[in-house]
Every structure is written in C-alpha cells, then in structure tokens.
Amino acid sequence: MNDETSEKTEKLKSLKAEEKISFKPFGFSALKPLFLPALALALPLAAAAAPANSARLAAEMTAVPAGDLAAATENFLGEKRVAWRGERVLVRVKTTLPARAKLSAELVSAAGARVPARAEYVRSTLGQGGVPVADVVEPAGTPFRIPAGEAFVLVSADVPADAAPGAYALNFSVNGRARKAADVEVLPLALPPPRAWKIHLDLWQHPEAVARWTGAKLWSREHFAAMRPMMRRLADAGQKVITCSIIEEPWDHQTRDDWSSMVKWRRTRAGTWKFDYAAFDAYVSFMREILGEDAQISCYTMVSWSLKTTYFDEAAGAEKTVSLDPASPDYDATWKAFLTDFRTHVAKKGWLEKTCIALDERPDALVNAARAVVEKYAPELKIVSAVDRPTKMAPFVHDISAAFQHSGGVAELADARRAEGRTTTFYVCTSPAKPNTFPHSSAAEPHWLLLYAAAARFDGFLRWAYNSWVENPFADCRWPQRAWPAGDCFLVYPGDRTTPRFETLRDGVEDFEKIRILEERAALPGADAKLKSAVAELRAFLEGAFTVQAGYGDAHAAQVREARARIDRASALAAKTPERAAGAPAR
C-alpha cells in the first residue's frame, strides 16, 4: 500500500526464486525447544475453525507461551468510563488466571439492572522477531486450558440503546468470582447503529483466504457461510466498502492466497469478449446484505501492479495472459469491451451509482490513462485511488486515500472534496512502524489513528487487509518472511476470532462518530455556550496533538487518554442541554 510495498514485493519474488521458500506452518519440531515448558496450553482452535487438513494443523498448533503483556494490556482508558447508549465499552485487563478458567462478565447498574457482557481470554501467537504476542481473542464461552499465571483478558459490554442513564459497574468473573473491570457512567446520549455511522471505513476483504482455511469450495454455500460471521463483525465496526477483484491477481501474488478475479474473461473464436459475473454478483449481493445498500463497490483494477490481464482464449483452448500499457490502443480496445459490458451489467443490477474502478498506488500517468478510458466508455463509474500522497490527479478521483506519512496538511483538501461529494481518507500498511495496527503495536495506536482521522478532518480510514491470513496465524503471524511486519495483513483470525487491535480500532471509530455528533450539535442554532466552548477546545486539542509527527512518537496512550477526557466533558454538557442533533438525541 505504499512505495515501499512494491520494493518488498520484488524482494519476496527474489526470495522465492533464489531461496525456494516453502510457505509451511511453523511446525512443532521447530518450536519444541521454545514451547515444551508451555504444553499445558490446549489447542481448541482447530475445532472452532478447522481447515481441511485439521489433523496436521492440530499437531502443529503448538502452545505459544505468554510473553511480556505490559504493552498489550495497557489500560489507557483508565478505571472509569463515560459511555453513550449504543456504545461498546472496552477494557483491557491484566490478571492472574488458574489453569482451568471459566470467564463471564456483565454490566450492572446501581439499581441492579444487568446487561450481559463479554470476558474473553487473549491467546498468544508468535509475532515480530519470533516473540510471543497476545493477539488471538478466544470467543466468550470457548472452553480452553491456559498456563496458570498472568494473562490478558478483554472485557467488553454493548450499552443497550434504551439503557437507563446513571452509574454502572463492568464486572468480570473467573470461575464465578467477580472482579470489577471498570466503573461506567452511561449518559442520555446515543450513538446510531454502525450502519448509520458516517465514517468511511475501508478494510479490504480477502474471500480466498477463508476458502483456503475452511477447505470450502470458492463461492460455495459453505464458503459464504464461513465468511458471514466475520463480515458481520466488520459491518459492526462501520465498514462502508466491498472489496472486489475484476482481474486475476490485482496485486500480483503479494498474498499467501490467490486473489482471483470475480469476473471471468473469455475471448471467443470470433474475437469478441464474454464476461461471467456470477462470482461478482454473488459476493456483492452477499456483502450488500451485510453492509447495506449504500456500500461502495471498489473494483480492483484496471491498472494492476504487473499490468497484466488474464483471460480464457477459446481459439487456443487455454488461459492467456497479456501485458497492456494503459496508453496503448490494445488497452483501450480491451477495456472498452469490458467497461461497456460491465456498465450495462451493474446498471441492470441497480449498482451503477455505487460501483467504482479502484487503483492502488499507481503513478499519475497510469491513473490518468485509465481514467480517460473509463470516461470514454463508462463515465458513471467513479475512480478510487490509494496514493502515496495527493497529486494533481486528486480532483479527478472520487475516493482518494493518502499514506499516513504524507497525510499532514490535507484537511483543507478534504474539506473542499467533501463539499463536492468526494471522499478523502488516509491509510497505514506495512509502514509506518508507528502508529499502526500490528500485533506488536502499543495498545493505544489503533485508537490513536482514528482520533487522528477526526483531528485532520478526514472522512475515514483505509487499511489492507482485514483477513489476508498467513499459512497458520495461530502458530505464527509472520508473513512474508523478512518482508512485512508480523500480522500486517490481517486484523482478525480464522473462525471469526477478533484481536485486541481490531477492537481498539473499533473503539476509535466510536470516538470519531462522537466527535462528529458533538460538533454537529454545538453548531446548532442556540447551542449552549458551554458546550460550544468545550467542543471548540476539543477541536483545538485534537488538531494540536494528533499530527503526523506526533504519531511517530511514544505519547499515543497519553494523547488518547486526554482526548477521551475532553470528549467525555463535552458529552456531559451535551447531555444536559435540550438541543437535538441528528443521530445523537438527548433523552
């Protein structure tokens, strides 16, 4: 996703060719010297999300000992939380657990009302440098054995939309013995449901990884069933984009699993083109059901990293791959055939307004060439482009995302584009080292990124990838070797297992929405002067503290903590005023 990625991809190709790397799970024989002391850990993961080779995998999913939990369990939100209705309260807990532990949790009001909550054990996998990192959240109620001693537990509760305002306690229990995770004050303010959040969250999905892990046939009923829970989790975080492939390998084999085309291209003996949209239609329909009909359909790509296009040639009776220069007549003719047919197809499906041609880190000359072809043959299709930094092409791109390193000072551009109905976001990927969402990132960094989005007035956030798994992420989340940071290419694990970093990212999305709602409310005619002042102070703090340069530092936790305190103060004032803002009713 940045200008380092192409270089790293080339390095990976070289390693494959020269060293003949075999991408196999980190096996027991290699791990035995490290893990024999920790064999008390059980291996329930294979049963919950078992691939076809589950017997082999179960033998290799050796226990990973707990590492240093200090960074992973930093409770940067403090011991008291202020929550809105509809918000998820998330608390990281470092505690001591026995070898056999049954965890439970609940949110209890001062009046005795009880709301079910979750207490989930966080299992370790091998991370950066081969060091164990707590990253795999075991779903509540999953039976497991753990090494007795210090452990990381994620405690969370969804505050009901109709919860009575007042004091609550978020408690979790270990084998029936209750402990307090946090005091919670629920305000008479409400977050809308995630589908109504305004943030443009774009986390790229990778369906083939799910098919490989589960052993399901690609695009089969079993495949969609396996994807549904994790895509619902994505929707619950505010996702707004469907990631589609319209050619084979848009990213030229950068991932463990293929990224095949959802559209099958066929050149007939007569020299005409036919396109099969069965997989595309099935996936888009599936994701629209989950994300909603307003979801953007981002189609990768007209300018792949290899500049190659693959199709089945009837005359040759085999697949053929050709390289096409976007400035060439052959490129124009080939994409004319596709775009005119594709435009008609998505128009018939009622998806034309939401369908975009997506490009990833392509130079301006290639973007401009592709744009010219789109405008000639399917002008209704919008252009989506992730770029290293905004360029002179920005006015021609509907949805543009800049690399974090070059996203400073883009606020004015984002404001102008928003007024034109365009979207502006930023992204992180294999870089920067911080802030980021790696398993080894500090606890506050994913949250910090979303507060930065609010501070810099972006419309949202982009990251590759939501679920592009390595061979066996439960044993080792590093991939590719010596190229990308561990865990870079996924935010969740197979079997719909979340991570602390994904949940913390979601926590930041909620704050992004709160800031938007509070600012809308403070801008209403007759808004309370104290509220206007508190919101103005919040805005000034965000813009002063959440900068690109600050992101490279080590103050993420302190800055998130202070931002949350200021959001809470503004929220308390908003809760006392009679004004009402769309999406944030005072009750």
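The values are calculated or read from the model by the stated rules, or taken from the named source; none is laboratory data. Owing to the predicted nature of the structure, the values given are computational and were not obtained by experimental measurement. With ideal geometry, Cβ positions are generated from the backbone for all residues, glycine too; neighbour counts draw on all protein chains shown. Ligands, DNA and RNA are stripped out before the accessible areas are found, and what is left, the full protein with its side chains, is counted by its heavy atoms. Shrake-Rupley method; radii C 1.70, N 1.55, O 1.52, S 1.80 Å.
For segment 320-350, state which trypsin sites (Lys or Arg not before Pro) are in a DSSP loop and have at most 15 other beta carbons lying within 10 Å of their beta carbon.
none
Relative contact order, whole percent, for segment 68-223 stands at 30, derived from Cα pairs under 8 Å and 6 or more residues apart. Peptides 126-132, 488-494, 385-391 ranked from most to least packed by the mean count of surrounding Cβ atoms within 10 Å: 488-494, 385-391, 126-132. Extension gain for ALA270 to ASP415 (0.36 nm times residue separation, less C-alpha to C-alpha distance): 47.2 nm. Across segment 267-289, the residues whose backbone nitrogen lies under 18 Å from the label position 7 Å along the beta-carbon direction of LYS217 are 277-283. Across segment 97-151, the mean sequence separation of Cα contacts (distance under 8 Å, 6 or more residues apart), normalised by length, yields a relative contact order of 43 percent.
What whole-number value in Å² describes the accessible area per residue of segment 124-163 for a 1.4 Å probe? Could you put the intermediate results ahead of the total?
Numbers: 1340 Å² over 40 residues.
Here the residues of segment 124-163 average 34 Å² of exposed surface.
Grab the other residues whose beta carbon is less than 11 angstrom from that of LEU352, score K and R as +1, D and E as -1, and report the net. Net charge around LEU352: +3.
Set the Förster distance to 56 Å, then compute FRET efficiency between ALA178 and ALA315 from the Cβ-Cβ distance, nearest 0.05. Write out the running numbers ahead of the final one.
Numbers: r = 73 Å, r/R0 = 1.30.
With R0 = 56 Å, the Cβ-Cβ based efficiency is 0.15.
Among the protein heavy atoms of segment 350-489, carbon and sulfur supply 54% of the accessible surface, probe 1.4 Å, non-protein parts ignored. A straight chain from THR340 to ALA225 at 0.36 nm per residue would run longer than the Cα-Cα distance by 38.1 nm.
Which pairs, out of LYS264/LYS392; LYS308/LYS392; LYS240/LYS274; LYS102/LYS217; LYS102/LYS576, put more than 32 Å between their alpha-carbon atoms? Please report the intermediate quantities before stating the final value.
Working: LYS264/LYS392 34 Å; LYS308/LYS392 26 Å; LYS240/LYS274 30 Å; LYS102/LYS217 36 Å; LYS102/LYS576 41 Å.
Beyond 32 Å: LYS264/LYS392; LYS102/LYS217; LYS102/LYS576.
Computed with a 1.4 Å probe over protein heavy atoms only, the accessible area of TYR552 comes to about 80 Å². Distant-in-sequence amide contacts of SER407, defined by a placed amide H-H separation under 5 Å and a gap of 5 or more residues or a different chain, comprise nothing. Within the shell of other residues whose beta carbon sits under 13 angstrom from the beta carbon of ALA534, the net charge comes to +4, with Lys and Arg scored +1 and Asp and Glu -1. In this label model, GLU185 and LYS392 are separated by 5.5 nm, measuring between points 7 Å along each Cα→Cβ vector. Coupling constants for segment 469-477 follow from the phi torsions by the Karplus curve (6.51 cos²θ - 1.76 cosθ + 1.60, θ = phi - 60°), and in residue order they are 7, 7, 4, 9, x, 5, 9, 7, 9 Hz; glycine and proline get x. Here SER533 sits with roughly 60 square angstrom of accessible surface, probe radius 1.4 Å.
Measuring with a 1.4 Å probe in the full set of protein chains, what accessible area per residue, in whole Å², belongs to segment 263-407? Don't skip to the answer; put the middle values down first.
Details: 6100 Å² over 145 residues.
Here the per-residue accessible area is 42 Å².
Could you check how much of the accessible area of segment 208-247 is carbon and sulfur, as a whole percent, using a 1.4 Å probe? The computed percentage sits at 53.
For segment 307-316, 3J(HN,Hα) computed residue by residue from phi via the Karplus equation (6.51, -1.76, 1.60; θ = phi - 60°) reads 6, 9, 10, 10, 8, 8, 9, 5, 5, 8 Hz, glycine and proline entered as x. HIS200: accessible area at probe 1.4 Å, nearest 10 Å²? Only protein atoms counted, so the area is about 20 Å².
Determine the per residue accessible area of segment 172-252 with all protein chains present and a 1.4 angstrom probe, expressed in square angstrom. If you can, show how the numbers build up before the last one.
Working: 2850 Å² over 81 residues.
Value returned for segment 172-252: 35 Å² of accessible area per residue.
Computed 3J(HN,Hα) for segment 496-501, one whole-Hz value per residue from the Karplus formula 6.51 cos²θ - 1.76 cosθ + 1.60 where θ = phi - 60°, is 6, 8, 7, 10, x, 5, glycine and proline marked x.
Between LYS80 and ALA523, the simple label model (points 7 Å from Cα in the Cβ direction) yields a spacing of 3.2 nm. Using a simple spin-label model with pseudo-atoms 7 Å out from Cα toward Cβ, ASP281 and ALA161 lie 3.3 nm apart.
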